[in-house]
Amino acid sequence: MDRYNNPDLVLPSSESISGKVGWKSPSNIALVKYWGKYGNQLPLNPSISFTLSQAYTQSMIEYSLKDQPSEKPELDFYFEGKLNPKFSKRVKIYLDSLLEIFPFLKQLKLTINTDNSFPHSSGIASSASSMSALALCLCSMEKQLFGTLDDKDEFMQKASFVARLGSGSASRSIYPKLALWGESPDFPEASNLYAIPTKAVLHDKFRRFRDDILIVSREAKSISSSDGHMIMSRHRFKEPRISQAKKRLHFLLKALKEGNYQRFGEIVEKEALTLHGMMMTATPAYLLMEPNTLKIIQEIQNFRNRTGLPVFFSLDAGPNVHMLYPKSVEEKVKVFVDDRLVKLCKNGEYIKDYLGSGPMELDFN
Ligand code: DP6
């Protein structure tokens with residue numbers, strides 16, 4: 001899809017050009033999971049997520065015109081203040097893949113500084129926050145250098161498109177509270193190419209939802225999400241999974257609109273278990289949950305049965321548990337976390353997060 005390819009975005013080589021852009025962009029937790037892709041980062045099924053707030057990446061790009069133009073952008077990449085060759089490689093590949101969208105990158109020398117709000121090795125999926133922060137920075141550079149993307153909606157849609165090319169889930173982090181990526185009959189404007197904002201559908205009862213991210217392990221995953229997506233393309237349950245996700249999305253949207261906690265919880269928990277079920281029934285079969293993942297899930301289910309409170313779990317492609325609940329029950333949940341869950345977390349660590357207002361541009365003035 002060459003929708004955003006633009007050969008005109010080339011800088012005059014005579015002028016001296018330099019500048020700085022920066023964005024802070026949050027992670028997200030999918031309620032209906034993106035699992036499996038085709039073509040150039042296109043999803044097998046539509047997905048929807050809560051945009052978080054406290055788990056975020058902050059990225060800054062300083063740029064200046066190179067003395068001599070070359071075929072590739074020149075890059076120094078710092079993660080948490082240090083040059084980081086591993087991340088640098090991924091970012092270089094990503095930038096190289098964007099040269100038809102942002103041809104001016106070839107003319108520039110870039111210094112990227114990136115920090116996460118959460119410990120890098122906490123097992124929190126960081127590609128959503130990091131790739132969305134980077135995509136937003138690139139769109140800000142285009143805006144600064146060419147005076148384009150003045151319209152906010154246009155800016156965000158392009159940022160979501162570009163973020164998707166870095167990591168599918170990153171496309172959704174661009175929008176506040178609730179974002180949907182992938183074609184869906186419920187939203188004629190929805191697209192496989194970028195996410196769309198959907199917070200308007202949220203009933204008041206969901207607007208201040210909390211997400212405690214319970215850290216079970218800090219180890220790197222044995223199989224990355226990208227490999228997991230690839231394995232999905234030959235999964236024997238691929239087709240039923242696609243239609244199941246579409247149906248669940250429809251009913252989840254209804255629950256979110258109506259403020260129906262019970263229906264919400266049923267769907268979100270089934271989605272989390274299905275994601276891991278797909279891993280366990282794949283070829284090769286693999287398992288990312290750990291004993292404490294299951295213990296936490298059972299504790300949450302028991303707590304809900306005991307108290308009748310609307311407290312639910314979700315999982316990413318990893319062992320950590322996201323516990324979702326409305327702000328109104330926060331105090332009771334805190335007591336439960338301290339009594340029963342902290343001891344199941346690695347070093348007692350968990351992140352208190354909640355639905356957030358989306359990415360924020362950094363102001364250097
Ligand atoms: C389980 O977006 O990390 O978190 O597109 O290969 O970068 P890539 O994958 P990624 O996959 C996320 C998978 C998930 C579900 C979701 O966020 O929808």
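For the stretch 298-313, backbone phi angles converted through the Karplus equation (6.51, -1.76, 1.60; θ = phi - 60°) give residue-by-residue couplings of 5, 4, 5, 4, 5, 4, 5, 5, 5, 9, x, 7, x, 10, 10, 10 Hz, Gly and Pro being listed as x. Rounded to the nearest 10 degrees, the angle from helix 127-146 to the longest Cα principal axis of the chain is 30 degrees. Cα-based radius of gyration for the stretch 245-341, normalised by 2.2 N^0.38 Å, reads 1.14. Annotation for residue 154 and residue 233: the two label points, set 7 Å from Cα along the Cα-Cβ direction, are 3.4 nm apart.
Computed over the stretch 2-200, relative contact order equals 26 percent, with contacts defined as Cα pairs under 8 Å that lie 6+ residues apart.
What whole number of Å gives the distance from the Cα centroid of the stretch 294-322 to the Cα centroid of the stretch 15-72? The stretch 15-72 and the stretch 294-322 have Cα centres spaced 30 Å from each other.
The share of accessible area on the chain that comes from carbon and sulfur is 49 percent, using a 1.4 angstrom probe. Taking Lys and Arg as +1 and Asp and Glu as -1, the other residues whose beta-carbon sits under 10 Å from that of residue 303 total +2. List, in order, the whole-Hz ³J(HN,Hα) value for each residue of the stretch 191-204 obtained from phi through the Karplus relation with A = 6.51, B = -1.76, C = 1.60 and θ = phi - 60°; use x for Gly and Pro. So the J values, rounded to whole Hz, are 9, 6, 8, 7, 7, 10, x, 9, 4, 4, 7, 5, 5, 3. The distance between label points at residue 16 and residue 89 comes to 3.7 nm (points 7 Å beyond Cα on the Cα→Cβ vector). With one equal scatterer per alpha carbon and no solvent term, the Debye-computed log10 I(q)/I(0) for the stretch 2-200 at 0.18 1/Å reads -1.25.
With K and R counted +1 and D and E -1, the other residues having a Cβ less than 12 Å from that of residue 99 yield a net charge of 0.
If you run the Gaussian network model on the chain, springs between alpha carbon atoms under 10 Å, then out of 151, 186, 204 the most flexible one is 151.
The mean sequence separation of alpha-carbon pairs under 8 Å and at least six residues apart, normalised by the residue count of the chain, gives a relative contact order of 23 percent. Highest mobility in the GNM of the chain, judged by mean-square fluctuation with C-alpha springs under 10 Å and restricted to 277, 318, 81, is found for 81. Can you classify the stretch 77-181 as rounded, prolate or oblate using the Cα gyration tensor, where a ≥ b ≥ c are the square roots of its eigenvalues, rounded means a/c under 1.5, and otherwise it's prolate if a/b beats b/c and oblate if not? It is oblate, given that a/c is not under 1.5 and a/b is not larger than b/c.
Among 59, 14, 126, the largest mean-square fluctuation in a Gaussian network model of the chain (Cα springs under 10 Å) belongs to 14. Convex hull volume per residue, computed on the Cα atoms of the stretch 14-113, equals 135 Å³.
Take the Cα of residue 66, step 7 Å along the line toward its Cβ, and report every residue of the stretch 15-36 whose backbone nitrogen sits under 19 Å from that point. The answer is 15-20. Annotation for the stretch 151-213: GluC sites (Glu not before Pro) lying in DSSP loop with at most 15 further Cβ atoms inside 10 Å of their Cβ are 189.
Modelled spin-label separation between residue 285 and residue 263, with each label point placed 7 Å from Cα along the Cα-to-Cβ direction: 3.5 nm. Near residue 175, once Lys and Arg are set to +1 and Asp and Glu to -1 for all other residues with Cβ below 12 Å from its Cβ, the sum equals +3.
Overall dimensions of the chain, expressed as equivalent-ellipsoid semi-axes from the Cα gyration tensor (√(5λ), whole Å, largest first), are 36, 21, 20. When only Cα pairs below 8 angstrom with a gap of at least 6 residues are kept, the stretch 206-354 shows a relative contact order of 45 percent. Amide H to amide H, with H built 1.01 Å from N, residue 54 comes under 5 Å of 354, counting only residues 5 or more places away or on other chains.
For the chain, the solvent-accessible area of protein heavy atoms averages 44 Å² per residue (probe radius 1.4 Å; ligands and nucleic acids excluded).
The values are calculated or read from the model by the stated rules, or taken from the named source; none is laboratory data. Small disclaimer: the values here were computed from a predicted structure and weren't measured. Neighbour counts run over all protein chains shown; Cβ positions are idealised from the backbone, glycine included. Surface areas here come from the heavy atoms of the whole protein model, side chains and all, with no ligands, DNA or RNA. Shrake-Rupley method; radii C 1.70, N 1.55, O 1.52, S 1.80 Å.
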